[in-house]
1. Taking a quarter of the surface of the convex hull around the Cα atoms of the stretch 105-149, what do you get in nm²?
2. Across all directions of projection, what mean area in square nanometres is found for the Cα convex hull of the stretch 24-105?
3. Helix 271-288 versus the longest principal axis of the chain: what is the Cα-based angle in degrees, 0 to 90, to the nearest 10?
4. Place a +1 charge on the Cβ of each Lys and Arg in the stretch 25-105 and a -1 charge on the Cβ of each Asp and Glu, then give the dipole magnitude about the Cα centre in debye, rounded to the nearest 20.
5. Need one number for the stretch 259-334: average projected area of the convex hull over its C-alpha atoms, nm².
6. Quick check: with the 1.4 Å probe, what order do ARG362, ARG401, ARG331 take by accessible area, largest first?
7. Farthest toward the dipole's positive end in the stretch 141-283, which of TRP178, CYS273, THR152, given Cβ charges of +1 (Lys, Arg) and -1 (Asp, Glu) about the Cα centre?
8. In what sequence, largest accessible area first, do LYS209, LYS355 appear using a 1.4 Å probe?
Amino acid sequence: MGVFLQTALFPGCDESVARDAIEAAAKNPVFQIDPETCRYAQNYEGTQVLMEGDCLGFATLAKTLADLSENPVMLLYIYDGDFWGYDFYGRKEEDHFRTRPDCFGPVSPREKQRLSGNPAVLSGWLPTWDTGMMRRYLVHWSDLDEEAMEETACPNDQFTYGDCWQMTDFMARMGFPWAFDQVQEAPPLRPTYPTLKEILERELPPVSKEPPPVGQALLDKLPTALSFDYIRRLLEEDGVREFGFPEKTPPEIMEEVKQHRWTVNLPEMNPLCQRLAVLAAFCAFWLQGSIAWGLLDHATYEPRYGNFPKPTDVYVLRARAALADYSKRHRAWRDLERLIALDPDNRALYESESKRWRDLERAREPDMSQYHERIMREFADKRRKEEERESRRLQLILEKRRKGKK
């Protein structure tokens, strides 16, 4: 038996509302839904629900969930590992698609057309207006030749036509990347991310689950190099524009920036590499959080020795100061002092950040003193043991020599 599963997308809907709709639908024995096994995931576009089981609800379940939640619902499904499809209901509009419309037997031209999908219906309900992109997925596999069946619908997709898991590529393009661990016979699914263009157009919040950085006040109160507007301007700069980054995802951008850096002599002094480091830092922050500090460190060149111009980009300095952790507090102090000189209007905020670091350092002084004392005790104990071993070794050597003389 192949894979059977169905997943419901509730665009613009809180998980609590979606959960209530699923639990209400589960009371109907026709759908055979076990609420205890359903899995939920909420992101910036809404909620998706995974329902595993051999009994699929198709259009009837999709309409029921839409009515119960009073929200548009797209119910996608994989049937026996052979094909995928969806049923969509949004108020008075509906749309249906199946990659193999004749899977259960011959169908009329009218029924085949009904199961062809209509991107115009989906536009607006789901977070994309690109009907051309959607149309590349809404293809009946029986209409493709063998060569076309080995292709993907869009660049960077994971699955080709003919693979039922192409459904997850389509979901990602609809703003709902597959959010669940491996299920049934699914191949390992890599995370799918929106392009930088989509992130900026919709101002999508970071997907990082990391707690806010200790310098969050700088990010909240002032624009930084991690702000959407700053990145939009950066993408228009000469040298950066030619890479075509808006059409790429954050992981792709980070990898391309790294590869480019390897091709440049002294990249730490190269202005373009420094600007690309800022873009990579934005992507890293969006994905993983404060790990972006390391990339922002490449955005300026500040050697300990030599006469080099000091950084003047307050947006970069703010972002770097905001993401610093305790081990980088001295670097944060230096950035904050530079910001006070460059941006005196916000002096009070920068001074409060400096004070926060000083207070934190003072609070840790007793712990650090105890730590150093423990290290010194361990070092002295280790040295004493080494001296004792050396003394015993020399004693054995002397005893052997005395025996030899006898």
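The values are calculated or read from the model by the stated rules, or taken from the named source; none is laboratory data. Computed from a predicted structure; not experimentally measured. Every residue, glycine as well, gets a Cβ built from its backbone with ideal geometry; the counts of neighbours run over all protein chains shown. The protein model used for the area step is the full one, side chains on, heavy atoms only, and it has no ligands, DNA or RNA in it. Shrake-Rupley method; radii C 1.70, N 1.55, O 1.52, S 1.80 Å.
1. 4.1
2. 6.1
3. The helix 271-288 is inclined about 70 degrees to the chain.
4. That gives a dipole near 160 debye.
5. 5.5
6. Final ranking, largest accessible area leading: ARG401, ARG362, ARG331.
7. Value computed over the given set: CYS273.
8. So the residues, ranked largest to smallest area, are LYS209, LYS355.
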